[in-house]
């Protein structure tokens, strides 16, 4: 959680005291990417409420996607789900040098978002005007360290872990949220 694939594989090999060559790493990453596409070929497994929330939020807010997944995998899922147009910017593992919980990815996302907003002649956003929605402690920590408000969703870990990471609010599902509720709670 919060790691890009390269970091994860390197850490796993290090924990097992196994040598890892660049060729083996490349082969493993390619195999993972192929398997990922196979697993979601027939159905994209979105958590409840995600698509509805994103569509509603994109009408009122500039959305950015910050993930430690590879850009190819992110773009594939977004294109398949027809969600790509909802996002003004995407930050992937390739865009940053360090993974979550470091704030670099969220800072990069805000910088890209503000560049877009300037092009559209909109005022730039401050970090504390942004909401990072995360389902893992490293993501919560990353958003908070970047100065953003955080909403933890218990898709992958228990609420107490998200709270311990510093989530401003924790919820069981994004299906519990509307744009008006976000505006009310996080304004």
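Results, tabulated for the structure shown:
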{"item": "Cα centroid separation - segment 79-115 against segment 21-42, whole Å", "result": "22"}
{"item": "Backbone N under 12 Å from the residue 10 label point (7 Å along Cα→Cβ), restricted to segment 89-123", "result": "97-99"}
{"item": "Degrees, to the nearest 10: 50-60 long Cα axis against longest axis of the chain", "result": "50"}
{"item": "Which of 15, 80, 144 has the fewest Cβ neighbours within 10 Å, and the rest in rising order", "result": "15, 80, 144"}
{"item": "Label point 7 Å beyond Cα of residue 122 along Cβ direction - residues of segment 160-185 with amide nitrogen under 20 Å", "result": "178-185"}
{"item": "GNM top mover of 72, 24, 50 - the chain, alpha-carbon springs below 10 Å", "result": "24"}
{"item": "Structure-based [θ]222 nm, the chain - -39500 (n - 2.57) summed over DSSP H runs of at least 4, per residue, nearest 500", "result": "-14500 deg cm²/dmol"}
{"item": "Angle in degrees between helix 71-80 and the longest Cα principal axis of the chain, rounded to the nearest 10", "result": "60"}
{"item": "Candidates 131, 39, 86, ranked by Gaussian network fluctuation over the chain, Cα under 10 Å, top entry", "result": "39"}
{"item": "R0 of 41 Å, Cβ-Cβ distance residue 71-residue 183: FRET efficiency to nearest 0.05", "result": "0.85"}
{"item": "Stretch gain in nm, segment residue 84-residue 23, where the contour uses 0.36 nm per residue and the Cα spacing is subtracted", "result": "18.8 nm"}
{"item": "Degrees between helix 5-15 axis and first principal axis of the chain (Cα, 0 to 90, nearest 10)", "result": "50"}
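Where a number appears in this text, it was derived from the coordinates with a stated rule and is not lab data. Note that the structure is predicted; figures quoted are calculated from it, not measured. Cβ sites come from the backbone with ideal geometry, for glycine too, and all protein chains shown count toward neighbours.
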